[in-house]
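Read-outs throughout are calculated quantities, based only on the coordinates presented, and are distinct from any laboratory measurement. Computed from a prediction, not measured in an experiment: that's the story for all the values here. Glycine gets a Cβ as well: all are built from the backbone with ideal geometry, and neighbour counts include every protein chain shown.
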Amino acid sequence: MWDRAAIDDASRILDNALQFRSPGPFQLQAALAALHATSPTAAETDWEEIVLLYDRLSEIAPTPVVALNRAVAIAMASGPASGLALVEEIERGGDLADYYLLPATRADLLRRLGHFAQARAAYERALELAPTDAERRYLTRRLAEVTQNAM
């Protein structure tokens, strides 16, 4: 369903911008989007490259959301335990206390590690914070999965 012609055009524009060797936050975000858009599947995504891009983005535009996205990329590249350690560090900072994607990310990593009771609590918190019906439906399905596995 992706518009491959548009992705190819955007990739060419990005390649031209990156030739200047001083990417700013928008070019880095575009490079991240391009890696996701051009990967056939999540498993085939170059997660190591995504981590490197988030490392650079963290240097020039450090935000808690960038740190959370970096933690997800690290989890995909190095395993859920590595990502979970970073998520817990972000939690201690408190900046994303009311951001539903923080407990949702924590829940997913805990689920992947087989810690279903902890994942259930994190999914419940994410559900409390989720801003849209679509997100609540997704989180409700995940909560049902971990609840069943926790029994």
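Name the residues in segment 97-151 that are part of a loop (DSSP other than H, G, I, E, B) and more than 23 Å from Ala67 (Cβ to Cβ), would you? Please lay out each step first, then the result.
Step one: list which residues in segment 97-151 are part of a loop (DSSP other than H, G, I, E, B), which gives 97-100, 113-115, 130-132, 151.
Those that are part of a loop (DSSP other than H, G, I, E, B) and more than 23 Å from Ala67 (Cβ to Cβ): Gly114, Thr132, Met151.
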- Query: So which residues in segment 82-96 are assigned to a helix (DSSP H, G or I) and either surrounded by 19 or more Cβ atoms within 10 Å (Cβ to Cβ) or of a type in the set (D, E, K, R) (or both)?
  - Reply: Gly83, Leu84, Leu86, Val87, Glu88, Glu89, Ile90, Glu91, Arg92
- Query: Inside segment 86-112, can you point out the residues that are under 22 Å from Asp46 (Cα atoms) and over 14 Å from the mean Cα position of the chain (by Cα)?
  - Reply: Arg112
- So which residues in segment 120-141 are farther than 19 Å from Ala97 by Cβ and either crowded, with 20+ Cβ neighbours inside 10 Å or polar (S, T, N, Q) (or both), if there are any at all? Arg120, Thr132, Thr140
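Report yes if Thr105 is in contact (Cβ under 8 Å) with a residue 24 or more places away in the chain, touching a Lys or Arg at 6+ places or on another chain (Cβ under 7 Å) and either farther than 27 Å from Gln29 by Cα or polar (S, T, N, Q) (or both), otherwise no.
Working: in contact (Cβ under 8 Å) with a residue 24 or more places away in the chain: yes; touching a Lys or Arg at 6+ places or on another chain (Cβ under 7 Å): no; either farther than 27 Å from Gln29 by Cα or polar (S, T, N, Q) (or both): yes.
Spelling it out, it is not the case that Thr105 is in contact (Cβ under 8 Å) with a residue 24 or more places away in the chain, touching a Lys or Arg at 6+ places or on another chain (Cβ under 7 Å) and either farther than 27 Å from Gln29 by Cα or polar (S, T, N, Q) (or both).
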- Message: Just checking, does segment 38-53 include any residue being touching a helix residue (DSSP H, G or I) at 6+ places or on another chain (Cβ under 9 Å), within 30 Å of Gln148 (Cβ to Cβ) and assigned to a helix (DSSP H, G or I)?
- Response: yes
- Somewhere in segment 68-81, is a residue crowded, with 17+ Cβ neighbours inside 10 Å, in contact with a Phe, Trp or Tyr (Cβ under 9 Å, 6 or more places away or on another chain), among the polar types (S, T, N, Q) and in a helix (DSSP H, G or I)? yes
- Kindly check whether there is at least one residue in segment 117-139 that is of a type in the set (Val, Ile, Thr), touching an Asp or Glu at 6+ places or on another chain (Cβ under 9 Å) and farther than 25 Å from Ala43 by Cα. no
